[in-house]
Amino acid sequence: MTGPLTRLPAPVEIDLDDKGRLTPPDSDVPVPAGRVAEHLARSLAVPSWATDIHVYVHGWQTAPHSATRTAQRLLRHSLDLYEAAPDRYPGLKAGYRPWCVVVRWPSSSLPTLKGYRRIRDRAHAMSADGTGHAPYVLGHLLGYLDTERTDPTGPAVLANRHGQYLHLVGHSFGGRFLCEAVQRAAEKPPVLGWSTPHDPLRPFTVDSALIFQMAAPRDAFVRHFGTLFPRDGQPGAPLRGPLVLTHSRWDRATGFWHLRAEKARGIGHSGAGAAPVPPFTTELLPTSEVYEQSDLDHRLVNVDADWLYRGSRRTRLHPSGAHSDFLRPESAHLLLTLAERSR
């Protein structure tokens, strides 16, 4: 397949239990830790036609089928934008054919403070060092995808670099899992299959990471993800592109509930604060406007989406507010731009 996609393939689904363990379809029995890599190899086959691999992890109050539908709609928006105005994304002139893996986990609770704390604690437990399996499984997933994707060839020039690019996309607590997984990649290389030799010219990398309305403290990159970025002589995690975070003051989940649960508003409401690298702030753009390179070419980028992520009449009365109001063409425009700039 070399031309445009006429039909977006269904995402591949990976399910985790409340301890972060990998569970096969139609089974409650987790895959033994020693067989995670084998199970992923049987379940995933990276298609040779794909140009971009997206790994999507959902957040609070998301049913499994809804997570899959959200990922598919987001990529459909991206394809529609690319096909309608390819000149707006010159780095993709060789084509954009996305393939998606959706990671699903039990995130539903009552829409109350107790319910929010319950899922917050579950997300933490699923990622806790020594007990939580989510970073371990995601680490294997990212390592497998890195091993199986086609190596980029040719010079590292925007218009001439070809291959399969790996992008992370998260929402809410899903962003925590992704950060933990990439951070674990820096701390424990065997999780990613680095025990076998890799081409030194192309070590494992994530080409971009985009997290919508992250449910984490504003200083999470100091408190929880201290090895994600280079600091104190440490190289940081294998994140080649930027980590981009959207925020909106209309997000009640990371504003109202996060404030009551953790005594401070979260990233999804107010953006990332203290971090080992200086956060850069820019604004979410309409689909008709092109992001300047200087808007996104930073280690950590806060994207102000106040003007758009405001929710509807129905969601403004919902306890989470505009927390899930990111499924829009403008979000896909940002995702697509990050894919383009990865070339």
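Limited to region 9-34, what total is found for residues that are of a type in the set (S, T, Y) and surrounded by 14 or more Cβ atoms within 10 Å (Cβ to Cβ)? Number of matching residues: 1.
Only residues that are aliphatic (A, V, I, L, M) and surrounded by fewer than 24 Cβ atoms within 10 Å (Cβ to Cβ) were counted across region 204-222, and they come to 2.
Against the conditions (1) crowded, with 16+ Cβ neighbours inside 10 Å; (2) not in a helix (DSSP H, G or I), T131 satisfies every one except (1). Taking the criterion of being hydrophobic (A, V, I, L, M, F, W, C) and assigned to a helix (DSSP H, G or I), the residues of region 19-44 that qualify are A33, V36, A37, L40, A41. Among residues of region 216-236 that are of a type in the set (F, W, Y), those with a Cβ under 6 angstrom from a residue that is outside any strand (DSSP E or B), sequence gap 6+ or separate chain, pair up as F221/A275; F225/C179; F225/Q183; F229/G236; F229/P276; F229/V277; F229/R299. Of the conditions (1) surrounded by fewer than 14 Cβ atoms within 10 Å (Cβ to Cβ); (2) over 29 Å from A253 (Cβ atoms), A37 satisfies every one except a single condition; which number is it? Single failed check for A37: (1).
The rows are residues; the columns are (1) touching a residue at least 40 places away in the same chain (Cβ under 8 Å); (2) in contact with a Lys or Arg (Cβ under 9 Å, 6 or more places away or on another chain); (3) surrounded by fewer than 16 Cβ atoms within 10 Å (Cβ to Cβ).
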{"residue": "P279", "(1), (2), (3)": "no, yes, no"}
{"residue": "L296", "(1), (2), (3)": "yes, yes, no"}
{"residue": "H323", "(1), (2), (3)": "yes, yes, no"}
{"residue": "S331", "(1), (2), (3)": "yes, no, no"}
{"residue": "R341", "(1), (2), (3)": "yes, no, no"}
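Annotation: R104 fulfils all but one of (1) under 21 Å from P329 (Cα atoms); (2) within 20 Å of the chain's Cα centre (by Cα); (3) among the basic types (K, R); the unmet one is (1).
Filtered by the rule that a residue be closer than 20 Å to H124 by Cβ, of a type in the set (D, E) and either without any contact (Cβ under 8 Å) to a residue 40 or more places away in the chain or in contact with a strand residue (DSSP E or B) (Cβ under 9 Å, 6 or more places away or on another chain) (or both), region 10-59 gives D15, D17.
Any read-out appearing in this document is the output of simple, stated calculations on the displayed coordinates, not a laboratory observation. Quick caveat: nothing in here was measured; it's all calculated off a predicted structure. A quick note on method: Cβ atoms are made from the backbone with ideal geometry, for glycine too, and the neighbour counts reach across all protein chains shown.
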